[in-house]
Amino acid sequence: MKIINFFELDEKANIVKEKKFESDSDKQIEVPSDDFFKETEITDILGQWLVIDELLEVDNIYVDHFANKETEITWIKLPEKYVKENYMANYEAEDECPLGVDALIKEDGYPIGVVTGCDSIKQAKVDNNLDGHKYKGELGIKLNNDNFLVYKQGDEEFKLVKTHKNWDRGRRTI
């Protein structure tokens, strides 16, 4: 599963900005039009959208999305506050966590859990070493129990992270 396209749309579904991601996907994306969104329950088209090359069930109530079963792609609208804050890339510990923004906690680079609906950025801003393990928090959007969306500031792109991985913390090679 990969992100294959990014659209910024105005209120009439006109493309303000578009970015295609390098992918080996052969999915054809229908360019948005006024009637493109009419069959969905989405009323506010204005904003930034990511297109994923698979059908994905999104169970985050703060994320507008729809799955196009004919083309087998999923459209995900980024929450306004997440976009307004530059994808939460530059944040202060005192700032409030906007609705729909979550924190992925990693131990030694492996995802170990998601803090949903964090109260403050300070709660999500984890970057320390405890018991010989390195913990780090990344702000993003929990799409479902298996997928988390983050913005990588250095790469200037979005990435889907699998939140469930089989790994044994006790079996590390030195």
Report, to the nearest whole %, how much of the accessible area of the chain belongs to carbon and sulfur atoms, 1.4 Å probe, protein only.
42
Any idea which of Gly154, Pro98, Leu9 is furthest toward the positive side of the dipole for the chain, if Lys and Arg beta-carbons carry +1 and Asp and Glu beta-carbons -1?
Gly154
Note down the relative contact order for the chain as a percent, whole number, built from C-alpha pairs under 8 angstrom at least six residues apart.
16
The answer for trypsin sites (Lys or Arg not before Pro) in segment 13-52 that fall in a DSSP coil and have at most 14 neighbouring Cβ atoms within 10 Å is Lys38
Cα lying deepest toward the dipole's positive end in the chain, options Tyr62, Ser120, Thr74, charges on Cβ:
Ser120
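The values are calculated or read from the model by the stated rules, or taken from the named source; none is laboratory data. Every value quoted in this text rests on a predicted model; they were computed, and no experiment measured them. In this analysis, Cβ positions are derived from the backbone assuming ideal geometry, glycine residues included, and neighbour counts consider all displayed protein chains. For accessibility, only protein heavy atoms count, side chains too; no ligands or nucleic acids. Shrake-Rupley method; radii C 1.70, N 1.55, O 1.52, S 1.80 Å.
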